[in-house]
Each structure stands twice: as structure tokens, then as C-alpha cells.
2 protein chains.
Amino acid sequence: MSTLRDHGDPGDAPSVPPPLTPVVNAARPSAAEEARTIAASTNTGTLATLTADGDPWASMVTFGLLDGAPVLCVSNLAEHGRNLAGDQRASIAVTAPATDADPLANPRITLAGVVARPTGDEYDAARAAHLAAVPAAKYYVDYSDFTLWVLRVHRVRWVGGYGRMDSATGPDYTAAAPDPVRPAAGGAIAHLNADHADALAAMARTLGGYPDATAATCTDLDRYGLDLRVTCARGIAYTRVGYATPIDSADQLRAAAVELTRRAQQA
Amino acid sequence: MSTLRDHGDPGDAPSVPPPLTPVVNAARPSAAEEARTIAASTNTGTLATLTADGDPWASMVTFGLLDGAPVLCVSNLAEHGRNLAGDQRASIAVTAPATDADPLANPRITLAGVVARPTGDEYDAARAAHLAAVPAAKYYVDYSDFTLWVLRVHRVRWVGGYGRMDSATGPDYTAAAPDPVRPAAGGAIAHLNADHADALAAMARTLGGYPDATAATCTDLDRYGLDLRVTCARGIAYTRVGYATPIDSADQLRAAAVELTRRAQQA
């Protein structure tokens, strides 16, 4: 059996060099915004419900979103369907599409609350939201042995990756908006890394707090700015460069990156 | 609000033509074998635990396998770590890597039971099993604020896709083996469909119960045989062609497929 180590002992884990100058603009999405973005990034998650014995039951579900609230359509005959009919407490874990080979480095959320059967106008809106996200549901959404449930989110836990995590309240989650830039991030990140490596390194040096950066790659981006992975003689670090102002669509990304580049290269 | 339909009313869902002759060998893995195979197909799942209030909490976890039992390594500071310390009841949902764009068509399982902290030799084996599946765990597995938990599986639910599902007991799950062929299935399926379309159609006609098949594609395969998607004038159907004898490794797949082809074309 291995000797236990305290968390303070880095063992052979890599250490991270700190910035040498202030980060100019570290603005980034709130936990509530991150959670809304992750919820909007997929149509599948894993539901936790309670069996008749009160045991926790994990099961894959599809969902749509109605103002951020997951809308499920589950068979009353399925175990999770019977569980929800018996006890309406539930949570759903949603993982964003993987961008890192290490699963624990990828963002994910848990939305916890209570499910309710929508009625009237909310039923119609919930049904439409589920069908928009899960087209195959047209084959069963109106069967009498399937139930549409809306998860009223009371509490949110967001984990952005190693060491990045926070909680949000249900109302903050509901009031937040999904990031409008994130769906286009993959292509934009690839373009920045392929064609603008010098600009990224300049951003890390003059805006990101690493004047000794020799290279930088963009690892993620959103409406507030870019996440950078920085190489310097001291090791590998991670920093943030925020745009002059937040942007509202992927169309504005190019101008925001050009402005960042000019500012980085002038400094 | 839409008119509710009974499950017996197909609505606009496609109907499936039945076989016209007996299926020669429909052998396929048991639910316990399917579950072991799915558990072995990935290192991530979603855990359901109980909060101090008894609420169900879903959260992403990584895991290794010790004789089929999921081995978790979770921070005692994380919500699921605190939950497990308080109540050892847990279940884990695992989804096989997607092969179908419709998430509900993809295989998944729930393994339910109680977690325990392994000791002595079992601790060493569990630690090694977790590290083998989750290499990054070397950075934290020995920290004193992380706990290694083994999920003793009491009950298994397997869902193979639409209309394919079954339960298994914990002992049956533990006694079963993961399919030795499934990890190589992707390449083999692509090869069969690209280069042996005539053979697959012949299998569907003479072994699969669809003498009117005009085409067939392989949708999955395992140590017992091939799943076929059959096109005939009556519509689209799904059937099964079992090998002469089950095979024990991917190396034996070619010979088994050749034998199936000969038998199909002789008949």
C-alpha cells in the first residue's frame, strides 16, 4: 500500500509557474453562464433519481431546454420513469463535448432540483423544446405511457476542469444565457493556433502576465476572451486574455481577436 | 396540447417487417455479458449518490474495473465524495461509445449497489485497476484527501437500444466476461460493409430469416455473431446471424465470417 500524501505535497505532479505581471483582463463567464452553456451543448445527460427504497439510480436520458430547465420525456415503464413518479427529486449531470483526452479536464455540471409535469402553455413549450433537441422523440412523445417532466433547477454545480469549479443558485442559472460564441469555438481555436501563433504569444506576454512566454496556444474561448496555455522557460502555465468588450456573436470574434492582437503587439 | 396516443398505435413510426423463415442461430451475449462489455468500453460514467438530505446527486466520475466492479477515486472535498462518506448506496451509469446518432439507440447500463473502501490486497488491486484505466490519477490517487471506493454491484440494468433491455443480478454480472471481440468491432464492421455487402445480404436471406432481403449491413458484432440491418421490399428490419461457434478473440473473426458466408451462399 502506498504512502498517503497530503494535497500540499505535489509529488511528481507538474508545478505551475505564476504570472510575473498583472493579468490585464481576466474576465470570464460566471458559473451560471458556464452551466447554461454546457447544458445547451448536448441533448444527453445522466439523471439521478430515487428508487422506492430511496436508493440513488443513475440512468442516461435525453433532454431539451426550456429557459435552461431540462425537459425530459421518459417512459413510465422505465426505472427512472417509475422513480420520478414516486419521488420528484432529481438531478442531471451533463458533460460538454470533450476537448481534452483527460475526462476530468473537461467541463461538466450537475443541475439539481425537483421535476414537475408541465400543463397548458408550459406543456406545449416543453414539448416543443424536447422535440427541438431530440427529433426522434416524435415517435413517442405523445404516447400515453411517456411523461414529459421539467426539472425545476434549485442548485447548480459547475466543474470547469482541474481546480476550476463553483456553484450557482437556481435563479442565477435561469437568468444567465448560454455563451453565443462557444458553439463556434472549435474552428476558431484551430484557426488561431494554426495561423496566429505569434499573436497568441504576444498576448500571453503583454496581456496575460507572462512576459517570458515563448509560445502560447488557445485552449478555449467564449464571449469574454481567450484561454491560453503558455510555454515559458519556467514551465507550462495557463492564463486569460479578455477582449476589450464582451461580444454577442461568433461574427464578432474576428474583430475582437484582431483588437487583442494589436493591443498585445503595441505594448 | 397533442392528443395522447397509446403505445399500440404506431402513429408515423416506421413498422418493422417480421422474418419469413426461422432465424438459424440468434445467439447473442447475455445482459450480464453486455453489461461487462459496456463497463469495459470506457473510463467515465455518471455516479448517483445521496446528499445529506437524501436527494439524488448525479456527477461525472472516472473509474477502473476490478473483476467488473467499478473502482472510483474521488476527492473527499467533492460533493460526491462527501455523499459517499455519508451513505454508501450508489449507482453508476455508463454509456458505450456512440455508434448511432440517436443517443437512445446506443447501449448503456446502470450498475447499482454499495461502495466500500478496499483494504489490504484488495486496496492494491483496486488502486492498480483505477490507475490502469485513468493514468492521470497518478497525480492524486495517494493524496490523503482522496478515497478509493469499490462499487459492490448488487443489480444491473442493461439497455441495448430501442426495445432491447434486460436486468442481471450482481453475481451474474461478476461472473460474466467482457466481449473479447467488441473492441475491434468498429474496423471489422466497416470492412464487412465496404467489401462484403453480397455476403451480408446472403446471410440475411438464408440464415437471418429474410429470404426477400435485397441488401444487408452489419450494425454490430460480438463473439457470438453479427447484427444485420436488412433491406427488403417490405421495409427495413433487423436480424441476427450467429457464428458456428462463439469465438474468443478478434483474430478468429475473419474465419468465423468466412464460415458464415460459405454457409449462407451454399443454402
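The values are calculated or read from the model by the stated rules, or taken from the named source; none is laboratory data. Bear in mind the structure is a predicted one, so any value in this text is a computation, not a measurement. Virtual Cβ from ideal backbone geometry, glycine too; neighbours counted across all protein chains shown.
See the values below:
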item: Residue list for region B:64-80, filter: within 25 Å of B:Gly54 (Cβ to Cβ) and among the acidic types (Asp, Glu); result: B:Glu79
item: Considering residues of region B:44-64 that are more than 7 Å from chain A (Cβ to nearest Cβ) and of a type outside the set (D, E, K, R) only, the residue farthest from B:Lys138 (Cα to Cα); result: B:Ala52
item: Pick from region B:212-246, criterion of a type in the set (D, E, K, R) and in a strand (DSSP E or B), ranking: farthest from B:Ala201 (Cα to Cα); result: B:Asp220
item: Number of positions in region B:176-206 that are outside any helix (DSSP H, G or I) and either modelled with pLDDT under 95 or of a type in the set (D, E, K, R) (or both); result: 1
item: Residues (more than 9 Å from every other protein chain (Cβ to nearest Cβ) and basic (Lys, Arg)) located in region A:92-137; result: A:Arg117
item: Qualifying residue in region B:141-155 (condition: at pLDDT 95 or above, within 9 Å of chain A (Cβ to nearest Cβ) and surrounded by fewer than 16 Cβ atoms within 10 Å (Cβ to Cβ)); result: no
item: Matching residues in region B:41-59 - criterion: being farther than 24 Å from A:Ala52 by Cα and touching a strand residue (DSSP E or B) at 6+ places or on another chain (Cβ under 6 Å); result: B:Asn43, B:Thr44
item: Among residues of region A:223-249, those that are of a type in the set (A, V, I, L, M), over 17 Å from A:Asp212 (Cα atoms) and surrounded by fewer than 17 Cβ atoms within 10 Å (Cβ to Cβ), counted; result: 1
item: Residue list for region B:21-40, filter: assigned to a loop (DSSP other than H, G, I, E, B) and either within 14 Å of another protein chain (Cβ to nearest Cβ) or buried (at least 22 other Cβ atoms within 10 Å of the Cβ) (or both); result: B:Pro29
item: Subset of region A:156-175 [surrounded by fewer than 16 Cβ atoms within 10 Å (Cβ to Cβ) and at pLDDT below 95]; result: A:Tyr162, A:Gly163, A:Arg164
item: For A:Asp102: the one exception among (1) closer than 25 Å to B:Gly163 by Cα; (2) of a type in the set (D, E, K, R); (3) without any contact (Cβ under 8 Å) to a residue 60 or more places away in the chain; result: (1)
item: Hits in region A:189-216 (condition: under 23 Å from the mean Cα position of the chain (by Cα) and surrounded by fewer than 18 Cβ atoms within 10 Å (Cβ to Cβ)); result: A:Ala190, A:His191, A:Asn193
item: Of residues in region B:247-264 being among the aliphatic types (A, V, I, L, M) and modelled with pLDDT of 95 or more, the one nearest to B:Met203 (Cα to Cα); result: B:Ala264
